[in-house]
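Everything below concerns the one structure shown next.
Every read-out reported here was derived from the displayed coordinates using simple, explicitly stated rules and does not represent laboratory data. All figures in this text were calculated on a predicted structure; none of them were measured in a lab. Because the Cβ atoms are built from the backbone with ideal geometry, glycine has one as well, and the counts that use them run over all protein chains shown.
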Amino acid sequence: MEYSIGEFSKLTGLGIHTLCYYEQEGLIAPERNSGNHRCYFDKDLT
């Protein structure tokens, strides 16, 4: 299943700004859709 950053934030309990920071630091690397929006998947929960 595909999640937006807002949906993924709610699932993980991490704030949107925290997820963006983790991406900036190279700790996570979410995929991007055709609109260049971050896409998270079930595999990212682990």
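Laid out as a table, the results:
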read-out: Residue check, Ser34 of a type outside the set (Val, Ile, Thr), part of a loop (DSSP other than H, G, I, E, B) and either more than 10 Å from the chain's Cα centre (by Cα) or surrounded by 14 or more Cβ atoms within 10 Å (Cβ to Cβ) (or both); value: yes
read-out: Output for the range 37-46, where each listed residue is outside any loop (DSSP other than H, G, I, E, B) and not aliphatic (A, V, I, L, M); value: Arg38, Cys39, Tyr40, Phe41, Asp42, Lys43, Asp44
read-out: Within the range 1-31, considering residues that are in a helix (DSSP H, G or I) and small (Gly, Ala, Ser), the one surrounded by the fewest Cβ atoms within 10 Å (Cβ to Cβ); value: Gly6
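Conditions (1) among the hydrophobic types (A, V, I, L, M, F, W, C); (2) in contact (Cβ under 8 Å) with a residue 24 or more places away in the chain, marked per residue:
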position: Ser4; (1), (2): no, yes
position: His17; (1), (2): no, no
position: Glu25; (1), (2): no, no
position: Ser34; (1), (2): no, no
position: Arg38; (1), (2): no, yes
position: Phe41; (1), (2): yes, yes
